[in-house]
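Scroll down for the structure; my scribbles are underneath it.
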Amino acid sequence: MRQGNSIPLKSVIGICLLIACGCGREGRDKKPGDGAANPFAMSGAADAHPKSAGRDVQPSTNCSLFRDVHESANLRHVYQNGERGRALLMETTGGGAGWLDIDSDGHWDLYLNQGGDSTAAADVPQPNDALFRNRGDGTFDDVTALAGIVELRFSQGVAIGDFDNDGFDDIYVTNLGRNTLFHNRGDGTFCDVTGHAGVGDDRWSASAAWADLDLDGDLDLYVCNYCVYDPHNPRECRSEKGEPRICHPGEIPPWPDQCYFSQGDGTFVGETESRGLVDSGGRGLGVAVADFNNDGLPDILVTNDTTANFYFVNLGGGRFEERAAVDGCATDFNGNTMANMGVSVNDLDNDGNLDAYITHFHMESDTLYRNYGPAGFRDESAVMGLRALTMDRLAFGVVMADFNQDGRMDVFTACGHIENSPGYPYYRMSPQLFAFDGRRWNDCSDCGGDYFRGKYVGRAVAACDYDEDGDLDLVVAQENDPAALLRNESQRGHWLKFFMRGRESNRRGIGCRISLRAGSVTYTQELCGGTSYACTHQPSLVFGLGPWNQPCQVTVRWPSGRTQSLESVAVDRTVVLDEEQARLAPDSRPATQTERSAGKRERQKEGT
């Protein structure tokens, strides 16, 4: 983030976990396939979606359509950023969201962060983060107290991941100060296991991402850290007129990021530099974990504020090399560093390479890094029309997906400035909605619905098919305004939606890649770790097929190296993929548990 007018810059498993949180076996022994309402109950099946059966599917118009239904859905939550005219830096970044299925009933629930007054004395009550349970009828209940969630710190983001592979989603909350890991007991309640797990980073963290970075079957955790900042004794920054202003991040020392590697027993070890994840002066805000170079290994793209991005290429064995400058995604086309915020990943041009869309500061424009495989990335924002469309916005959260399922990508960005001084004219901003026509991006905000006519201070954007009709809906966290629940009401084409159930791979299948062939077109998606900003999406992959209504061929590559093929999958349905039905690829063999444990002992012996 840059200050608006002052300084331009170009340039557990195991008994120990049970003891740690007092979790009994009741609920935790329940398997996600036990209930008929569970989407995993028919693993490997391809069944018509219950809420889309009989629904007319038509070729979509170019524009997606959303309607904010948070009131009728009983989703009432306001992120309080604590601003009191003091122009404190941490007032500008908060507001995360994470989708999860608390109890494996197949209905997707929602965790929302809360801020408060970060300068208040320790004995002053602060607002709690919130957990909402999806009733399955389009409405939500606030179950924060019932679930045992107590998080009173100044929260920033949410990362959802089943870190112990027990079939129940766990919650990691990033804060200004100590982060928190809530373990899901499996009975609708959670317990704080941060100390036992060893992931309580006490710096200022923004986004975080769960992913299996060393491909040993369990999830590791990458945490983006921001600036060294004490709200009780903040650096004072003033405008040319002597008025308080938000400090430029370059005026504040950066915190290095942290990466925690799972030990397989519910505990983690911070191994950042020893793994090659060398953070030199970055101020991390966004992170995406995906196989960008198509070698079967998860890479890490980190968006840094006012400094060059990081692109950590996986060398195997959970070791990395930073190659952002070499591979073309460190700066913009002209070599300028930018205020990089959120990031979304998808295959824009159906060439099998994952491209990256990154949001930026006011008067910088968003960036589309097109992935050319071995040739690396190239900033093609200008030639695709993005510069002209995004220069007047400051965007954070972003989702690149096919919202209207016409077979081409769309982009949604949440916008809002960070300069909150009284009377600043650009503080609140309208969100943006773009559609790709195969060559250029087109602004569809005017026909996207009434929500796009309002102005907000938008931060996280998290995607989920919360109403189970086969298309992606959005939740947008907004500072000092109610979180928006945007139900997708687009006229749309045909589609396919996939959930994954890992066996040798992590339970939710983070890192799974699906190639779907519909006639002469092959679509590729990967279930990435992280993405957007300070949030977690529903762990599903949704493909828009446009007018194609014939069966599709589907190929799945699991993180373990196993692959599976479905030769004739009918459209307009949800498919649950089970790794148990995958075969071992001839040139790949997943490590056995003995080999994984031996590898971890060897790394510990080497001090890595």
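The values are calculated or read from the model by the stated rules, or taken from the named source; none is laboratory data. Everything numeric here is computed off the predicted structure, so don't read it as measured data. Every residue, glycine among them, receives a Cβ derived from its backbone with ideal geometry; neighbour counts consider all protein chains shown. The area values use the complete protein model at the heavy-atom level, side chains included, leaving out ligands, DNA and RNA. Shrake-Rupley method; radii C 1.70, N 1.55, O 1.52, S 1.80 Å.
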- ASP349 fails exactly one of the following numbered conditions: (1) open to solvent by 10 Å² or more (accessible area, probe 1.4 Å); (2) outside any loop (DSSP other than H, G, I, E, B). What is the number of that condition? (2)
- Query: Is there a residue in the stretch 374-387 that is part of a strand (DSSP E or B), open to solvent by less than 10 Å² (accessible area, probe 1.4 Å) and over 30 Å from ASN549 (Cα atoms)?
  - Reply: no
- Hey, does the stretch 127-138 have a residue that's closer than 24 Å to SER421 by Cα, open to solvent by 20 Å² or more (accessible area, probe 1.4 Å), out of contact with any helix residue (DSSP H, G or I) (no Cβ under 6 Å at 6 or more places or on another chain) and of a type outside the set (Lys, Arg)? yes
- Query: Out of curiosity, is CYS237 surrounded by fewer than 24 Cβ atoms within 10 Å (Cβ to Cβ), within 27 Å of THR92 (Cβ to Cβ), in contact with a His (Cβ under 8 Å, 6 or more places away or on another chain) and at pLDDT below 95?
  - Reply: yes
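Applying the selection to the stretch 352-363, what residues are among the hydrophobic types (A, V, I, L, M, F, W, C), touching an Asp or Glu at 6+ places or on another chain (Cβ under 9 Å) and surrounded by 22 or more Cβ atoms within 10 Å (Cβ to Cβ)?
Correct list: LEU354, ILE358, PHE361.
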- Query: So which pairs qualify, if the first residue must be in the stretch 459-480 and over 14 Å from LEU541 (Cα atoms), the second must be open to solvent by 10 Å² or more (accessible area, probe 1.4 Å) and aromatic (Phe, Trp, Tyr), the Cβ gap must be under 6 Å, and the two must be at least 6 apart or on different chains?
  - Reply: GLN478/TYR456
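Which one is farthest from the chain's Cα centre (by Cα) among residues in the stretch 328-365 that are acidic (Asp, Glu) and under 21 Å from GLN525 (Cβ atoms)?
Selected residue: ASP351.
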- So THR337 fits all but one of (1) out of contact with any Phe, Trp or Tyr (no Cβ under 7 Å at 6 or more places or on another chain); (2) in a loop (DSSP other than H, G, I, E, B); (3) within 15 Å of VAL287 (Cα to Cα); what number is the exception? (3)
- Query: Looking at the stretch 248-267, which of its residues are modelled with pLDDT of 90 or more and part of a loop (DSSP other than H, G, I, E, B)?
  - Reply: ILE252, PRO253, TRP255, PRO256, ASP257, GLN263, GLY264, ASP265, GLY266, THR267
- Message: Being part of a loop (DSSP other than H, G, I, E, B), within 22 Å of TYR229 (Cα to Cα) and of a type outside the set (S, T, N, Q) is the filter here; which residues of the stretch 268-288 pass it?
- Response: VAL278, ASP279, GLY281, GLY282, ARG283
- Task: May I ask you to list the residues in the stretch 152-171 that are buried (at least 24 other Cβ atoms within 10 Å of the Cβ) and in contact with a helix residue (DSSP H, G or I) (Cβ under 9 Å, 6 or more places away or on another chain)?
- Result: PHE154, GLN156, PHE163, ASP164
- Message: Being under 21 Å from the mean Cα position of the chain (by Cα), open to solvent by 10 Å² or more (accessible area, probe 1.4 Å) and under 26 Å from THR337 (Cβ atoms): is that true of ALA290 here?
- Response: no
- Task: Collect the residues in the stretch 243-278 that are of a type in the set (Ser, Thr, Tyr) and surrounded by fewer than 22 Cβ atoms within 10 Å (Cβ to Cβ), keeping them in residue-number order.
- Result: THR267, THR272, SER274
- Could you list, in sequence order, the residues of the stretch 172-190 that are in contact with a strand residue (DSSP E or B) (Cβ under 9 Å, 6 or more places away or on another chain) and open to solvent by 10 Å² or more (accessible area, probe 1.4 Å)? LEU176, GLY177, ARG185, GLY188
- Message: Can you confirm whether ALA122 is touching a strand residue (DSSP E or B) at 6+ places or on another chain (Cβ under 7 Å) and either at pLDDT 95 or above or over 23 Å from ALA484 (Cβ atoms) (or both)?
- Response: no
- Message: I'd like the full set of residues that are over 30 Å from SER239 (Cα atoms), small (Gly, Ala, Ser) and buried (at least 24 other Cβ atoms within 10 Å of the Cβ), limited to the stretch 61-103.
- Response: SER64, ALA97, GLY98
- Message: So for the stretch 90-103 (the condition being among the hydroxyl-bearing types (Ser, Thr, Tyr) and part of a strand (DSSP E or B)), does at least one residue qualify?
- Response: no
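Among ASP366, ASP327, which is crowded, with 20+ Cβ neighbours inside 10 Å, in contact with a helix residue (DSSP H, G or I) (Cβ under 7 Å, 6 or more places away or on another chain) and of a type in the set (D, E, K, R)?
The unique qualifying residue is ASP366.
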- Query: Which one is nearest to the chain's Cα centre (by Cα), of the residues in the stretch 300-321 that are buried (at least 22 other Cβ atoms within 10 Å of the Cβ), of a type outside the set (Val, Ile, Thr) and part of a strand (DSSP E or B)?
  - Reply: LEU301
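Need a quick list: strands (runs of 3 or more DSSP E) entirely within the stretch 127-228 having at least 1 residues that are farther than 20 Å from ALA462 by Cα.
By residue number, 177-184, 190-192, 220-225.
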- Has the stretch 466-483 got at least one residue that is at positive phi and either part of a strand (DSSP E or B) or touching a Ser or Thr at 6+ places or on another chain (Cβ under 7 Å) (or both)? yes
